[in-house]
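Read through the structure below, which is laid out as structure tokens, and then see the notes.
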Amino acid sequence: MSSPILTGPALRLGIAGLGTVGIGVVKIVQRHADMLAMRAGRPVQITAVCARDQNKDRGADLSGYAWETDAVTLAQRDDIDVFVEVMGGHEGAAKDATEAALRAGKDVVTANKALLAHHGQALAETAEANGQVIRFEAAVAGGIPCIKTLTEGLAGNQLRRVMGVMNGTCNYILTRMEDAGLPYDTVFEEANQLGYLESDPTLDVGGIDAGHKLALMASIAFGTKVAFENVQLEGIGRISIDDIRRAGDMGYKIKLLGVAQMTGRGLEQRMTPCLVPASSALGQLSGGTNMVVFEGDSVGQIVMRGAGAGEGPTASAIMGDVMDVARGLRLPTFGAPATQLVEAAPAVTAAPAPYYLRINLSDKPGALAKVAQTLGDAGISISRMRQYGHADTSAPVLIVTHKTTTDAIHYAVSQFPATGVVEGDPVALRIEEL
Ligand code: NAP
Ligand code: HSE
């Protein structure tokens, strides 16, 4: 590309963090300098960078950039306009440097969902009080431009529901267990070897990382303050290869699914393993891919699918935000002024749904009848049931219920020990209707 039309001064980036994402951003800025300048109407350039180890070979030429060892110092440099925070962590350097950047009059582009899930409201208020913007497309669902879609494209809709599979590592583990017939522990170790897991793996498999992402989207969708602490969280650690196979036999896939919706009782936010129809778009999602689903009153349902992580997709999202800043787009962090966002009352999911139950039943006369009676006493009606071959003295029984409430399921499960025929912990998973 030649002779871009440049109408403005260069937009100068300071990049804090030169790992997977940071180096991805460096490569795009270097590879597409002319294209970016043409599209933004001004050059987009990197002035200074920062990481812990200056001697590490990072596979990119950084010789043209000033080097800082301290992210706060980088954030305050006079020769940067945008502070790109790609270090990670919700306290320490990431938080200190982001606050310093905003106070120093810099815009912020970040991939850090943990930081915003914990401090998003305060940071947004600081940014908006100072006339700065915080952009965080890369923080949610990697390369999928879901934050832009929600904030801009769907701004004329009252959002009904936001859903998605937003942790690629969990989706990789669940689909790999199914495809290879391997147990959770083996696939977890495989994911570790492949470098998929966060440095604290509970962020992934405990549902926390995906919960952060859901809380950020819920804030934009429903005009509420980010309330990660109210997300009902459950990870994938107790999902067995048996559950995956049995759910498959019944026509379902197991996904770590996030759902947020505003109800008359308050804001429901949950990130839990659920069953979804195997034939649905979510059911067919495999590997590390993410899927985000929006439902608006005018638009109906929108489904977005793409890479949820990795150097290229995440850097792509960062650059989308950088280009918006370069073009002069200045929107409030969560789509409405931070001071107008309301505190939503947390609500537990009340809408009835079918449930999948896996129960290990003792091989005794009348055992099945006792379980059916317990479910009946809880007001739960059985839709389908299967019993599998006996292992020693017990046999797995699968039950798909008619629609029932979470409370009824919890009550029934709490009564199972008293039957004297249920061995171990039963598994109860909601079947999400899409
Ligand atoms: P990473 O590969 O671990 O890189 C982190 C970088 O930050 C490293 O260059 C590290 O320096 C630097 N760093 C860490 N602490 C620092 C400190 N106190 N001062 C200065 N530099 C520091 O992480 P990443 O995968 O690129 O992720 C970065 C952010 O993007 C995180 O918030 C993550 O959640 C988010 N994100 C990542 C992905 C992905 O696919 N990787 C996707 C979406 C969002 P050294 O290299 O010298 O150690
Ligand atoms: N650990 C995250 C995932 C990285 O597996 O989806 C992207 O946020």
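Of note:
- Order of PHE416, PHE136 - criterion: other Cβ atoms within 10 Å of each residue's Cβ, fewest first: PHE416, PHE136
- Value of relative contact order over the chain, rounded to a whole percent, pairs C-alpha under 8 Å and six or more apart: 16 percent
- Net charge dipole, the range 11-110: roughly 320 debye, given to the nearest 20, about the Cα centre with Cβ charges of +1 for Lys and Arg and -1 for Asp and Glu.
- Centroid-to-centroid separation of the range 207-236 and the range 110-125 [C-alpha atoms, Å]: 12 Å
- The long axis of helix 93-103 is offset from the longest Cα principal axis of the chain by roughly 50 degrees.
- For the range 48-189: rounded, prolate or oblate by the Cα gyration tensor [a/c cutoff 1.5]: oblate
- Length-normalised contact order of the range 11-110 in % [C-alpha pairs under 8 Å, at least 6 apart]: 33 percent
- Over all other residues within a Cβ to Cβ distance under 13 Å of GLY235, the charged ones net out to -2, with Lys and Arg as +1 and Asp and Glu as -1.
- The range 393-431 and the range 309-334 have Cα centres lying 46 Å from one another.
- Global size of the range 252-370 as Cα Rg and Dmax, reported in angstrom: 20.5, 73
- 21 Å tail of the calculated P(r), the range 11-110, as % of Cα pairs: 27 percent
- Bins of 10 Å, starting at 0 and running to the largest distance - Cα pair percent for the range 355-431: 20, 60, 19, 1
- Semi-axes of the equivalent ellipsoid of the range 186-282 are 26, 19, 10 Å, computed as sqrt(5λ) over the eigenvalues of the C-alpha gyration tensor in descending order.
- Cα pair distances in the chain, grouped into 10 Å bins until the bin that holds the longest one, percent each: 4, 21, 28, 23, 13, 7, 3, 1, 0
- Normalised contact order of the range 355-431, rounded percent, pairs of Cα under 8 Å and 6 or more residues apart: 49 percent
- Share, in percent, of DSSP beta bridges within the range 11-110 that are antiparallel, nearest 5: 0 percent
- Computed [θ] at 222 nm, deg cm²/dmol, the chain (DSSP H ≥ 4; -39,500 (n - 2.57); rounded to nearest 500): -10000 deg cm²/dmol
- Size descriptor for the range 166-242, Kirkwood hydrodynamic radius: 13.3 Å (Cα pairs only, one decimal).
- Counting DSSP beta bridges with both ends in the chain, the antiparallel % (nearest 5): 70 percent
- Between TRP67 and ASP392, the simple label model (points 7 Å from Cα in the Cβ direction) yields a spacing of 5.9 nm.
- C-alpha long axis of helix 20-31 to longest principal axis of the chain, angle in °: 40 degrees
- Pairwise centroid distance, computed over Cα atoms, of the range 342-377 with the range 26-69, Å: 55 Å
- Length gained when the stretch THR339-ARG384 is fully extended (0.36 nm per residue, less Cα-Cα span): 11.2 nm
Throughout, read-outs are computed from the coordinates displayed, never taken from laboratory work. Everything numeric here is computed off the predicted structure, so don't read it as measured data. Cβ: placed from backbone, ideal geometry, glycine included. Neighbour counts: every protein chain shown.
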